[in-house]
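Quick notes on the structure that follows.
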Amino acid sequence: MNSYSLFRRSRLRLAFWYAGVMGIILSVSGFGIYRAVMQANWAAMEREIESIAGTLHDSVEPLLPAAEAPTAVLQQIFPDLCLSGEACNTTPTLIQRHTIGISDRSTYYIRLFNYQGKLLAFSPNQPPLLPDRLNRSPWQTFRSTNGIRYHQFTTILHSAKARHPANKPNLHPSWGYLQIGRTLAPFDTETSRIQWILATGFPIALLLVAVSSWWLSGLAMQPIYQSYQQQQQFTANAAHELRSPLASLLATVEAILRLPQSNRQNIPTMLQTVERQGRRLSDLITDLLFLSSLEQHSLKQHSGVKPFQPCCLNDLVSDLTEEFLELVTAADIHLTSQIPNSEIYVLGDESQLYRLVSNLIANAIQYTPAGGEVLVSLEFYERSTCVTVKDTGIGIAPSEQTRIFDRFYRVESDRSRKTGGIGLGLAIAQTITYLHKGQLVVKSNPGQGSLFTVDLPRIFNRVESQVKSLNSMDNGE
Ligand code: ADP
């Protein structure tokens, strides 16, 4: 499977999981909200029915007659109710209508029963074919013959004038029953409206989630894909760099082996070539291992391991200047350094910092023609310090200045190969700077020279920092 299809499959899988998880979250929360809204509406509706029933009960209670056949009185109290067993012809006057009753006649209906459960009176708008028998359970929901659902509440009706029989005090403690019901048509319409919104909205939301998941997984895969490509490029470059000296080394060895006896005097020269190629290979492998160890170091740092120590940059710069003296004398280059009197410390790995500055000085010497100058200086500011390496060499074209830090990148590779460069020096320098939380920048003009500046965060010198830490321990900080 090639890498493109591997990444495409991973992206698909990621998008699928995103969409799946989002879909589940959406459906669970959608269903939860739907249930909550429905329950809140239902509870509000029941509260309203109960409150109407309570108000009616309290208004009717003092007026209810003690007699068991109270039809005449009932008609006075509820002029807009039909009496059971009589022709229903209620045309109450406006004043009568507002004596006692409920204002919303199209939604609510009332039914009155005596204590034995016999229907006494009812609203004309009650559901058709409702049984005359009393169902005593407080809440009932039913579907009428006209297909409309109703919800009704039954409560006991007490009368102030009702008397219990003396010998049977518990026989019928109530006057009768009041039943209030309402149509559920508006409630059902609202429910189906919400269901419709959910049914159409959910697939649309799911589609949007799927599209955004695909886009998001693409975004998530991008850095991984880039890093994978960089890794592949790095492997290819490393293999290429290893192959060239190895091929040349093998060719030289073969030539030595086939050399006729008469040409034996050429062997030392040819062995020198073998040694040069072998050294180049060894340098390359050392650099690769060093880069990989830097990466490991960076991983360790991210996991909280900090092996850095205070390092004195003054010593580092003067040591390196001394080390390169022999080389610059041979190359006829004037190497000088400017180091301040006060000691400057940074927190870091000394051998890595040596490697960083030595790479820059080596490059400056390599790319400066004979008679040129290289100046290494150390400057410090309140919180930072910088090491600069300035040369009067061949310089770097502006278009190349961002690329020289890439691994294996060489300006005019022929030019660098002649000098033995493999294009890892600045990559290593930049990685070390990054590990030390610093910055490496270049300013250069072709033909005039280059200036490399390493900015590093400065710390107090060793003694000062030790005194500081002792003080803070004494103060219990
Ligand atoms: P190399 O090992 O080839 O020197 P580097 O990573 O050190 O690789 O440098 C990358 C490229 O940057 C080199 O090919 C070189 O052309 C250019 N370069 C680096 N330093 C200098 C400098 N001081 N002056 C001119 N060119 C430089």
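Throughout, read-outs are computed from the coordinates displayed, never taken from laboratory work. What you are looking at is a predicted structure, and each value in this text was computed from that prediction instead of being measured. In this analysis, Cβ positions are derived from the backbone assuming ideal geometry, glycine residues included, and neighbour counts consider all displayed protein chains.
State, to one decimal in nm², a quarter of the convex hull surface area for the C-alpha atoms of region 308-465, i.e. the direction-averaged projected area.
Working: hull surface 35.3 nm².
Average of the hull's projected areas for region 308-465 equals 8.8 nm².
Calculate the length of the line joining the C-alpha centroid of region 356-393 to that of region 203-275, in whole Å.
Rounded to whole Å, the Cα centres lie 31 Å apart.
Give the aspartates and glutamates whose C-alpha is closer than 12 Å to that of LYS443, dropping any in the same chain fewer than 8 places away, or say none.
Partners within reach: ASP391, GLU400.
Skipping prolines and chain starts, which residues have an amide H placed within reach, meaning under 5 Å, of the one on GLY117, given they are 5 or more residues away or on another chain?
Close amide H contacts, sequence-distant or interchain: none at all.
Run through region 351-451 and list the trypsin sites (Lys or Arg not before Pro) located in a DSSP loop whose Cβ has at most 11 other Cβ atoms within 10 Å.
ARG383
Evaluate E = 1/(1 + (r/R0)^6) for ALA330 and GLN272, where r is the Cβ-Cβ distance and R0 equals 22 Å; express this FRET efficiency to the nearest 0.05.
Once rounded, the FRET efficiency stands at 0.80.
Sort ASP287, ASP391, ASP349 so that the residue with the fewest other Cβ atoms within 10 Å of its own Cβ comes first and the one with the most comes last. Could you put the intermediate results ahead of the total?
Details: ASP287 21, ASP391 28, ASP349 18.
With the sparsest Cβ surroundings first, the list reads ASP349, ASP287, ASP391.
Straight-line reach from LYS118: which aspartates and glutamates have Cα under 13 Å away, leaving out those fewer than 8 places along the same chain?
Output for LYS118: GLU68, ASP132.
Which cross-chain or sequence-distant (5 or more) residues have an amide H under 5 Å from the amide H of LEU157, H modelled 1.01 Å from N in plane?
Distant-sequence amide H within range of LEU157: TRP175, GLY176, TYR177, LEU178.
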